[in-house]
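So the structure is just underneath, and the comments pick up after that.
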Ligand SMILES: [Zn+2]
């Protein structure tokens, strides 16, 4: 490997590292989007279930009021009949009917009372929760928009980096690219790494003083005696 080839490999490696970084970021963006979407769905579900409950209660109350009106109407008719009947037995029968209607009216009035209380409570709950839910929904929608923008930028960058990588690879000898790909697999990551403060950043072991001195003075690319990676000096 000539120094020029190693420098080319280093550039190749930098582009690949940048590609990996952006791919990771895209993965996190995707996760964030999923979380926000699921939160959005939950919030919208909570709100619509509250509103549905309210609508149902309002409908039940309306129905119950109509039923009460009907009972009242029947009660009135029974009372009219009572004023007209002569026979005691008929009168007794009507009296029973009257009692039944009165009883129904009472029962339904209690039910109506309960439903109205329930509706009042529910409306208060909606009044309390709806603005909070609406606010969070708007926030999430804005966050999703930002993420989409970031994703578009990242994807464009990723494409241009991939093109750059291909350009760089095609400008190099096949043997150099092959060497790089094999070495990359062997080291499971970086092939050419900097030595910082005398330590190989590939394996974390100090390089011998003589080697370090040579890299420092000659700006050369050497091999780390511990891990075998290509190393160069970096301040
Ligand atoms: Zn090393």
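Throughout, read-outs are computed from the coordinates displayed, never taken from laboratory work. What you see is a predicted model; the values in this text were computed from it and never measured.
For the chain, with a Gaussian network of springs between Cα atoms less than 10 Å apart, report the residue from 19, 205, 126 with the top mean-square fluctuation.
Its mean-square fluctuation being the largest, the pick is 205.
On a 0 to 90° scale, report how tilted helix 209-218 is relative to the longest principal axis of the chain, with both axes built from alpha carbons and the result rounded to the nearest 10.
90
For the chain, what is the calculated [θ] at 222 nm in deg cm²/dmol (nearest 500), taking -39500 (n - 2.57) for each run of four or more DSSP H residues and dividing by its residue count? Before the final figure, lay out each step's value.
Details: 4 runs with 190 residues, N = 235.
-30000 deg cm²/dmol, from helical runs alone.
Please work out the C-alpha center-to-center distance from segment 127-169 to segment 48-66 and express it in whole Å.
Using only Cα atoms, the two centres lie 41 Å from each other.
Using only the Cα atoms of segment 190-235, what are the Rg and Dmax in Å?
Rg then Dmax for segment 190-235, in Å: 8.7, 24.
Translational diffusion coefficient of segment 87-195 at 37 °C, 0.692 mPa s, Stokes-Einstein with Kirkwood Rh over Cα pairs, in µm²/s as a whole number.
On the way: Rh = 22.8 Å.
Answer from the Stokes-Einstein relation: 144 µm²/s.
Does anyone have the angle between helix 88-171 and the longest principal axis of the chain? Alpha-carbon axes, 0 to 90°, nearest 10?
For helix 88-171, the angle is close to 10 degrees.
Against the longest principal axis of the chain, how steep is helix 174-187, in degrees 0 to 90 to the nearest 10, with axes from Cα atoms?
The angle comes out at about 60 degrees.
Springs between alpha-carbon atoms under 10 Å, Gaussian network over the chain: tell me which of 87, 96, 117 tops the mean-square fluctuations.
Fluctuation is largest for 87.
Compute for the chain: radius of gyration divided by Kirkwood radius, i.e. Rg/Rh, restricted to C-alpha atoms, rounded to two decimals.
1.56
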